Amino acid sequence: MVKNWKASMPSSYEKIAYQAPSNIAFVKYWGKHGRQLPMNPSLSMTLSKCISKCEISYSLQEKKKGIISFLFEGKENILFQKRLQSYLDGIEDIYPLASELTLKIQSENTFPHSAGIASSASAMAAFSSCLAKIEERQKTLLTASQRSANDFKRRSSVLARLASGSACRSIYGQYALWGKTKWNEGSDEYASPFTEIHHDFLKLCDSVLIVSSGVKEISSSLGHSMMNTHLYKEVREHQAHENMRMIVAAMKRGDYKTFGEILESEALTLQALMMTSFPSFLLLAPNSIRLIELIKSYRKSTDNPVYFTVDAGPNIHLIYPKKIKKEVVNFITRELLPFCETVIHDEIGVGAREL
Ligand code: DP6
C-alpha cells in the first residue's frame with residue numbers, strides 16, 4: 001500500500017478501506033441471465049489467505065466526478081480503472097452515489113497475480129464493500145432497516161454481484177450460498193451465509209495446486225454466455241439444484257463421502273460443459289489429470305477424505321479437513337509438487353472486513 005495516505009489527502013476527501021478474500025465454489029455458478037443473475041444456485045467456501053485490499057479516498061464535493069486515479073500494487077492500471085468506471089456507470093440507478101463521487105483507488109492482492117487464482121471475486125468484493133460503507137456513511141440516503149450489519153452485508157453482496165457474480169459470495173465468511181433453489185431458498189440477488197454445518201466441516205483446508213499460472217484461455221464472461229445456447233443447459237440447471245440439495249444435506253450431517261463425490265462431480269461437470277460448448281474448450285492440462293489420478297489413489301490407499309475441485313482453468317484445489325493437514329501437506333510435497341509450479345496452502349476464512 002502507498003504510505004503517507006493521510007498526509008497526501010486533500011481535506012474534502014474521506015477514506016475507507018476493506019479487504020476481501022477469494023472463494024472456491026463447491027457447486028459451480030456457470031451461466032447467467034439478465035442483470036448478473038445466476039442460471040443456477042451455487043455454494044462456496046471463503047478462503048483466508050488469498051485476499052484483495054482496497055483503499056478509497058473519496059469526495060462528494062469535487063467538480064470532476066468518477067474514478068480519477070487507480071493504482072494496482074502501486075502502479076497505474078488504466079484497464080482495470082476503466083472496468084471499475086463502467087461498473088459504476090452501470091449501477092447509477094441502484095447506487096445513486098455512483099455519479100456523485102470522486103474516487104482515488106488503491107488496490108493490492110496478497111497472492112501473486114501469476115498464481116492462476118481468479119482475483120476478480122476478492123477485488124470486486126473489497127471494492128463493493130467500500131461502496132456500501134460510503135453509502136452507509138451518507139446516512140440520510142438510507143432507511144433505518146438498511147443500517148443493520150446483516151443488511152450492510154446483503155447490500156455489499158448485491159453490489160459485488162453486479163461487478164462479478166462469484167464476488168457476492170466473498171462477502172461472507174465460512175460458506176456462502178447464492179441463487180434461488182427450486183425449494184425457494186436463497187436469492188439470485190445476493191449471497192447468504194450457510195452456517196448450519198456439522199462441526200466436522202468447520203475447518204476445511206484448500207491447497208491450491210498451481211499447474212499453470214498463465215492467463216486464462218477462456219474469460220468467465222465468454223464461458224457464462226456459452227451456456228445460453230448450450231445443448232445441456234436444462235440438464236445442468238436440474239443437476240445444480242440437485243447437487244445443492246445433496247451437498248447442503250451432507251454438510252449438515254457431516255458426511256464427507258457424499259460431499260466429496262458431489263464436489264468432484266461438479267468440478268468435472270464444469271470441464272465437460274466447456275468441452276461440449278461451441279466453440280469448445282479443454283482447460284485441464286496433462287498435469288491436472290496426473291494430479292487428479294494421484295489424489296484418487298491416495299484417497300483409496302489411506303481412506304483420508306481428500307477431494308478435489310477445479311474452476312475454469314487447469315489448477316486443482318485440494319479440499320480436506322484441517323485435522324489431517326500435516327499428513328496431506330506431506331503427501332502434496334512428496335507426490336504432487338513435481339507436477340505443479342507452486343502450491344498455496346489456504347483454508348476457510350472470515351469474509352470481507354474493514355481495515
Ligand atoms: C467457474 O464470477 O468470474 O469460478 O460474473 O462474469 O464475473 P462473472 O463470472 P465469475 O465466474 C466464476 C465462475 C466459476 C465458478 C464459481 O465461482 O462459482
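The values are calculated or read from the model by the stated rules, or taken from the named source; none is laboratory data. Worth saying up front: this structure is predicted, and the values here are computed from it rather than measured. Virtual Cβ from ideal backbone geometry, glycine too; neighbours counted across all protein chains shown.
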**Asked** Taking the stated definitions as given, is Leu131 more than 16 Å from the ligand (Cβ to nearest atom) and either among the charged types (D, E, K, R) or at pLDDT 95 or above (or both)?
**Response** yes
Taking the stretch 189-223 and the residues there that are touching a Phe, Trp or Tyr at 6+ places or on another chain (Cβ under 8 Å) and under 24 Å from Leu162 (Cα atoms), the one that is nearest to the ligand (Cβ to nearest atom) would be Gly223
Among strands (runs of 3 or more DSSP E) entirely inside the stretch 29-128, those with 3 or more residues being closer than 25 Å to Thr342 by Cβ are 42-59, 102-109
Result of the Cβ filter at 7 Å on the stretch 320-341, keeping first residues that are free of Cβ contacts under 8 Å to residues at least 12 places away in the same chain and partners that are surrounded by 16 or more Cβ atoms within 10 Å (Cβ to Cβ), at least 6 apart or interchain, is Leu337/Val343
By residue number, the members of the stretch 134-164 that are modelled with pLDDT of 85 or more, touching a helix residue (DSSP H, G or I) at 6+ places or on another chain (Cβ under 8 Å) and not polar (S, T, N, Q) are Ile134, Glu135, Glu136, Asp151, Phe152, Arg155, Val158, Leu159, Ala160, Arg161, Leu162, Ala163
Within the stretch 160-216, restricting to residues that are of a type in the set (D, E, K, R) and closer than 21 Å to Ser52 by Cβ, the one that is nearest to the chain's Cα centre (by Cα) is Arg169
When the stretch 176-208 is checked residue by residue, the ones that are of a type in the set (Phe, Trp, Tyr) and over 18 Å from His241 (Cβ atoms) are Tyr190, Phe201
| said: Going residue by residue through the stretch 201-219, is there one that turns out to be surrounded by fewer than 17 Cβ atoms within 10 Å (Cβ to Cβ) and assigned to a helix (DSSP H, G or I)? | reply: no
Taking first residues from the stretch 200-222 that are in contact (Cβ under 8 Å) with a residue 40 or more places away in the chain and second residues anywhere that are surrounded by 14 or more Cβ atoms within 10 Å (Cβ to Cβ) and charged (D, E, K, R), the pairs with Cβ under 6 Å that are 6 or more apart or on different chains are Cys205/Lys325; Cys205/Glu347; Asp206/Asp346; Ile210/Glu341; Ser213/Glu341
Reported set for the stretch 11-28 where residues are over 15 Å from Asp346 (Cβ atoms) and either surrounded by fewer than 18 Cβ atoms within 10 Å (Cβ to Cβ) or away from the ligand (no atom under 13 Å from the Cβ) (or both) is Ser11, Ser12, Tyr13, Glu14, Lys15, Ile16, Ala17, Tyr18
The condition from (1) away from the ligand (no atom under 14 Å from the Cβ); (2) in a helix (DSSP H, G or I); (3) surrounded by 14 or more Cβ atoms within 10 Å (Cβ to Cβ) that Arg236 misses is numbered (1)
